[in-house]
Amino acid sequence: MSPALIITAIVTILAAATVMSLRNLVHCALAMAITFSGIAAIYLQLSAEFVGFAEILVYVGAIAILIVFAILLTRSGESPEKSVLTSGWGAGIVVSVLVFTALGWAVLNSAGLPKAATAAPETTVKNIGEALMGKFILPLEIVGLVLTAAMIGAVIIALKEDPKTDNSGRKS
């Protein structure tokens, strides 16, 4: 393993732990965007360019930004007296270290772990693009329409009028 991959993995794990331990939702969403970016960087270092760039476009570019906007639009007044970390952050760290250790041991001792290098896959980004624009064009367009309808619904819900006001904007 290269040092860059190890550093990226450590930063990604720390950002994921930060998402779980912070109390402020905006800070959690920003740490989640860092986690998604770290996962994309790991994919790019492992020569999975399509998955890495899809991770950046879909998760960092759309999901994380959508979550930040949703939090900011629906945010109510939070009291600043609360501590930055949640009350169970110590137990969360202990449990996550135990789970990470158990999963690491299971993966390293697995019989399914390939011992020799495998051949490069036949699928390329060009093949995926041709399949999306050829055989799977209808499902791709349907997904686009569903996402557009969801976004329009979110905007309508966010712009919903206060029932105590009349059409002129004055409160009754």
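Here is how the numbers come out for the structure above:
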item	result
Boolean, G112 is modelled with pLDDT under 85 and in a loop (DSSP other than H, G, I, E, B)	yes
Lone qualifier among A48, A62 - being within 10 Å of the chain's Cα centre (by Cα) and surrounded by fewer than 18 Cβ atoms within 10 Å (Cβ to Cβ)	A62
Of residues in segment 60-77 being farther than 20 Å from T148 by Cα and small (G, A, S), the one modelled with the highest pLDDT	S76
Leading residue by the ranking (surrounded by the fewest Cβ atoms within 10 Å (Cβ to Cβ)) among those in segment 1-16 that are in contact (Cβ under 8 Å) with a residue 40 or more places away in the chain and more than 14 Å from I39 (Cβ to Cβ)	S2
Selected residue (only one of A120, A158 is under 17 Å from T74 (Cα atoms) and at pLDDT below 80)	A158
Selected residue (criterion: farthest from G129 (Cα to Cα)) from residues of segment 21-32 that are out of contact with any Phe, Trp or Tyr (no Cβ under 8 Å at 6 or more places or on another chain) and crowded, with 16+ Cβ neighbours inside 10 Å	L22
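The values are calculated or read from the model by the stated rules, or taken from the named source; none is laboratory data. Everything quoted here is computed from the prediction, not taken from an experiment. Ideal geometry is used to build each Cβ from the backbone, glycine not excepted, and the neighbour counts take in all protein chains shown.
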